[in-house]
Structures are given as structure tokens and as C-alpha cells.
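In what follows, a structure is listed as C-alpha cells, so that the remarks can point back to it.
The values are calculated or read from the model by the stated rules, or taken from the named source; none is laboratory data. All values derive from a computational prediction rather than experimental measurement. Quick reminder, even Gly has a Cβ in these numbers, built from the backbone with ideal geometry, and neighbours come from all protein chains shown. Please note that ligands, DNA and RNA were not included when accessible areas were found on the heavy atoms of the full protein model with its side chains. Shrake-Rupley method; radii C 1.70, N 1.55, O 1.52, S 1.80 Å.
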Amino acid sequence: MADTVQNYVELHDINKNYGDFQASHQINFGIEKGKLVALLGPSGSGKTTILRMIAGLETPDSGEIKIDGQVVNHIPANKRGIGFVFQSYALFRYMTVYDNIAMGLQIQKVPKQQIKERVTELLDLVSLKGLENRYPNQLSGGQRQRVAFARAIAPNPQLLLLDEPFAAIDAKVRQELRSWLKEMIGKLGITSIFVTHDQDEAMEVADEIILTNRGRIEQIGSPSEIYTYPKTAFTASFFGQNAQLEGYQAFHTFGDVPGADKALIRPEFVKVYKLDEKQQYPESASIGTVEQISFRGDRTELQINVNGLLITAKRNLGESPIAVGEQVKVFLYRIFVLKGEEVILLENEAVNSNYFNI
Amino acid sequence: MGHLFKEKKKRSGGSRLSCIAMIGPVVVWMLLFLLVPLLYVICISFLSKNSYGGAGLPVTLQGYLGMLQSEYGRIFLQSLWLSGKTTLICLLFGYPFAWIIAHAPKKWKPFLLLLLMLPFWINSMIRIYGWITLLRSQGVVNQMLMAAGLIQKPLDILYTDGAVLFGMVYDLLPFTVLPIYTSIEKLDHSLVEAAQDLGAGKWHVFTRVILPQTMPGIFAGSIQTFIPSLGLFYISDMMGGAKTMYIGNLIKNQFLSARNWPLGAALSIVLILITLMLMRLYTKVGSLDDMV
């Protein structure tokens, strides 16, 4: 990665072990000022450990953490000036909403009047006006989350860290909060890193995704980049609605990758035609039987059996309907061929005569 | 329908019987050994002293009116003051003590708690006798200090107010430590981290996060120390040489030597009322514990 000066946060060769468990292995990345970055990965992949090391709540065994050009390894958490939003919010239960938000400023010994102005401004910002005298247990999950957010940004931190900020909130509110948080962070222009295990959340909210797996970084990139051009087998299988194909050679006009074991396919790679529908590349289609149809509102999802291999495909509502048991033509635009840790994007040769290795 | 109803009635009858069997013994125990003696004491407090050193008719308020003597008021205040000091010192030592146990390595904790509970296995009065042999003028401590040449003549350690305070703290410290230990164990560490992220140093973390969270423990510990300390008469008798009078001694004396039972009973009732008020406070804080 380019070692540019304008990176606000930089991690160099970070390692962290808990006993025999390798939580972080050779972690390297940089984050530009003002960016909203997602640390994405399955649980136990070490994403929270990275976040906690940046915050100063954990110490790396080796490596360097730089914030704003300064090495912060030996600066304790309370001197780093970082805002942190905890997964469980960690609100002070014995303090009112007002006191929770004011805490950081009170510690800095900011004059009372100024604290009052700032807290009022924040209550307005997070739409919690009138609730300042409530205690956290008198608030809903979403409200608590917003208090935690206001508390974290009250002392004007240059960096905001959020640990699974939406995990404890029910699905409907979560959707609202996601867009709210993205908008809020954009408005404040504060460099932010949030941890999540939800790929949709990461793709929707983040400017950049850092994908972690088993203590290592798999890939860093923008959501569209990382989704469309996965560099590792793990990345390819983590994103999207993947189905594994054993023996992709059964499908027509794909090049051969020597030593490849399996392939991944996403529903958007598949195009389904009824037998009487016109098709661009007739020689490259295979014939399959529709086994199952599920209605998904804006589209239907088809499970198609092609020579014993199950393929998931989507079909828009506008297209002529297909019934269970019907024979259809199946055309694959592209597949991800996995070869060990490597992933090769294979385009159908009917579309593109050469495949390329990314 | 009728059949069903019968069935139901029979079942509830059965459960009532088993209910009586379950709580019956406890009720009988409480009636015999708590309520009856308490009523007896209340009765005595409204009787008058008779010539044989017991209590008899007529019914009067003599016992309560007798308490109004300035002497007794001073003794009450003295006792409250001693109990207050005892509680405060127990807190000052007990809190770090509880903290150390709570933060000790896991395999050490049961052992440390055992050490804390160990004194309860021996009668408290016998332990106080132990202190007397250690602290008296010819006792182990004085002899060692003299042998070491640090002092020329024995120090007056025993039979001072300081010795009484020491004995009280020694006897009651475990009652302070245990509830505080429990509240420290329950501490939510993420709140400490949240405070650190907000810039809190050690002092702020302690005063703004740890202290409020352990307040229920501190309160419970204080009351569990304060209440028994009010009635501990034998420590001031044995270690203080009965030089300073406290409520406990006063009550004991009214029953055993001064032979003024109505006054002793009235004093007991007032002490019980004070205790009940403190207990009420305690349960209030108990409900506060749910919120924290």
C-alpha cells in the first residue's frame, strides 16, 4: 500500500496474541483523514482487537500504531483523545443522559456554561431533546445508541471508533440508524472506523472496507472494488450470496484453470432463459430443471438443477414466469475459480475470449 | 364442571398443607424466639421497677422518661460516634481489602475469602480475650517491644478508647469487606474503558465510575458494620475496661447490676427503632442496586 503522508491512522506490522491464540498477525493499513472505514470479518477474525488497539484499550505485542503521524503505542487510552462507541454502549447507568454526554467535557474541566451549550447542541443533533434527565434504562435501544454516540463525540475527538454499533438493535431501527450514522459522520467530517460482521452494513455505510479473517487482513478496498474483484478465496466467498460449484467445467465455454478445485457463483452471474426465449450465446448455455421458486418481493429466486449441480438465479418480476419442474437454459457470465488461497475471475469465453488472472 | 371444581379445590387444599409444612417451623421459631421476647421487652419497658430488682405493675412511662436524663443522651451520642468511627475505619481498610481480593488471581480468591471468614469459626469473645493477652501491659506486644529496647516501660495499649475502637474494627471488618467485595466483583469493566476513552485518568475513573458502581456495596457494608457495632457491649467491657459507657453496656447494666429493667427495656426498644430505621435505608439502597 502507498505509504502516503496524509494517512490519519496507520498500523505497521501489528501482532497480538492471547496465549496461543493469534488475534492479529502482521496487520498493515492506513486510513485517510475524514474516511469512514469498516473493519469487516466473521466473529473471531480479530477486528475488535484491532479497534481496541487503536483506542489504547489493548497493547500490541509488536508493531507500530500511528495517529496523525505520531506513534501512540505507549500513550494510554485516556490521553489519545479518541471517541469510542461500545457494542453494549457502556453508558453510565447511574448518570442521566445529560451527565453521560457531559462526562468527557467535565473531565477536561470545560466551564459549566460551555458544557451546557455543547450538550444541548448534541442533544439536538441526535434528536434526544427533552430526554436529558432520563436514565439510560429509561431509553430504547436506538436512543441509548445515540446517547453513546453523542457522548463519544462530545469532546470533539479527531477519530471515532465504533464497535459493532448496530448489533444490539432490532432490524428495522438498525436500517434507520445506519443511514443516520453515515449522514452524521459525513456531516461532522470525523475520521471513523467501525467494526461489523455484516457485509451489507459494511457495504452500505463504509467508504472503505478492511476485510479480516483469522487475525489477518484479507483485502482492503472500496465496497464495489472488494465485492466485484475479490483477491482471495476468502473474500470471494465472504461477499454476496455465494454458491459453490464442484466441477464448473460442466458448464460451457469456460477456460480451464489447472489445479483449481472449485468455483463460486453468485446469482447475478446467472441468466436464465425459457427454452423458447431468444438468447445471445446459444452454444454456451446449459439445460437445467427448476427445482424450487421463492418469491422475494421485487424478484423471484430460482433453484436450478444443472446436471446435478444446484444453481441459484434471480429473475425479475417483469419477465415471463417460470414454473417448478420447467426446463430452462442457464447461462453463466462469469465465475470465481478458487485455487488454494487464490481466486481467478473467469469470464465466459462466449462474451470475452480470454480469461484474466487478477 | 362440578367434578372439575372439586378436583381443583382438593389440589389447592393439598398445596396449602404442604405450604404450612414448609414455612410452619420457621413461623413457630420466629414467634417463640423473636416475637415473644420482643413483646416481653416492650411490656417490661412500660412497667415500673419493683423492690426486688424486677419489673412489675403499675404501668408507667418511667422507663422512657428515665432515658431523658442528660447522662443517657450523652451515652447514646457516644455510642453513635464510636460506631461511626468504627464504620469509617472499616470502610477505609475494607475497601482496598475487598479490591485486592476481587482482583487476585482466580485460584487465590477462595483462599483469601476463607482467610476473611476464618475468624467466624471461633467465638468472638474468645478472640477478644486473645487480644487482651497480646495487648495488656505484661502482654506479648509490650514484652517484645521492651526486649527490642524500643520502649523502657510497658505502653498503655489496653483499656483505652483506642483499644475499644481497635477491637470493634477487628471484629466487624469482615462484615464491611464482603458486600464491597461482591459489588467490586460485579463491576462492569466496559464502563471503566468508556471513561478512559473520554479522557478519565485514575482519579476520575475511581470517583466517576468505580465508586458510584460500588456504592451499594459500600452502603450495605456500612450498615452491616454500624448496626452490630451499636450493640457490641463486651468489647468495650473487656478491652476498654468498662471505663467509657456505651449503649450496649448501659443496657446490660440496667438488667444485670443496676436492676432497672424498665429503663433497660426502654433503651433496648429505642436501639431497635434506630436499627429498624437504618434497615429501612438499607432496603431503599437495595432497590437502588437494581438500577445500577
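In segment A:10-35, how many residues are out of contact with any Leu (no Cβ under 9 Å at 6 or more places or on another chain) and either open to solvent by 10 Å² or more (accessible area, probe 1.4 Å) or of a type in the set (D, E) (or both)? Adding up the residues that qualify gives 17. Taking the options A:N133, A:N73, name whichever one is assigned to a loop (DSSP other than H, G, I, E, B), more than 13 Å from chain B (Cβ to nearest Cβ), touching a helix residue (DSSP H, G or I) at 6+ places or on another chain (Cβ under 8 Å) and not acidic (D, E). Sole residue among the options that is assigned to a loop (DSSP other than H, G, I, E, B), more than 13 Å from chain B (Cβ to nearest Cβ), touching a helix residue (DSSP H, G or I) at 6+ places or on another chain (Cβ under 8 Å) and not acidic (D, E): A:N133. Among the conditions (1) closer than 30 Å to B:V270 by Cα; (2) of a type outside the set (S, T, N, Q); (3) surrounded by fewer than 16 Cβ atoms within 10 Å (Cβ to Cβ), the only one that B:G94 does not satisfy is (3).
Considering each residue of segment B:258-265 in turn, none proves to be at the interface with chain A (Cβ under 10 Å from one of its Cβ atoms), part of a helix (DSSP H, G or I) and in contact with a helix residue (DSSP H, G or I) (Cβ under 6 Å, 6 or more places away or on another chain). Given the criteria more than 14 Å from chain B (Cβ to nearest Cβ), open to solvent by 10 Å² or more (accessible area, probe 1.4 Å) and among the charged types (D, E, K, R), does A:D163 qualify? No: the conditions fail for A:D163.
In segment A:116-130, what residues are open to solvent by 10 Å² or more (accessible area, probe 1.4 Å) and within 14 Å of chain B (Cβ to nearest Cβ)?
Pass one, segment A:116-130, residues open to solvent by 10 Å² or more (accessible area, probe 1.4 Å): A:116-118, A:120-121, A:124-125, A:127, A:129-130.
If the condition is that a residue be open to solvent by 10 Å² or more (accessible area, probe 1.4 Å) and within 14 Å of chain B (Cβ to nearest Cβ), then A:R118 is the only one that fits.
Considering only residues that are part of a strand (DSSP E or B) and open to solvent by 10 Å² or more (accessible area, probe 1.4 Å), which ones fall in segment A:271-285? The answer is A:K271, A:Y273, A:K274.
Could you please let me know if A:L302 is open to solvent by 60 Å² or more (accessible area, probe 1.4 Å) and closer than 25 Å to A:F239 by Cα? Before the answer, list the steps.
Details: open to solvent by 60 Å² or more (accessible area, probe 1.4 Å): no; closer than 25 Å to A:F239 by Cα: yes.
Spelling it out, it is not the case that A:L302 is open to solvent by 60 Å² or more (accessible area, probe 1.4 Å) and closer than 25 Å to A:F239 by Cα.
Residues in segment A:142-152: is at least one more than 22 Å from A:V110 (Cα to Cα), touching a residue at least 12 places away in the same chain (Cβ under 8 Å) and open to solvent by less than 40 Å² (accessible area, probe 1.4 Å)? Yes. Where residues in segment A:286-299 are surrounded by 14 or more Cβ atoms within 10 Å (Cβ to Cβ) and not hydroxyl-bearing (S, T, Y), which of them is modelled with the lowest pLDDT? For segment A:286-299, the residue satisfying everything is A:R299. Checked against (1) open to solvent by 50 Å² or more (accessible area, probe 1.4 Å); (2) free of Cβ contacts under 8 Å to residues at least 12 places away in the same chain, B:W131 passes all but condition (2). Among the residues of segment A:77-91, those identified as open to solvent by 60 Å² or more (accessible area, probe 1.4 Å) and more than 7 Å from chain B (Cβ to nearest Cβ) are A:K79, A:Q87.
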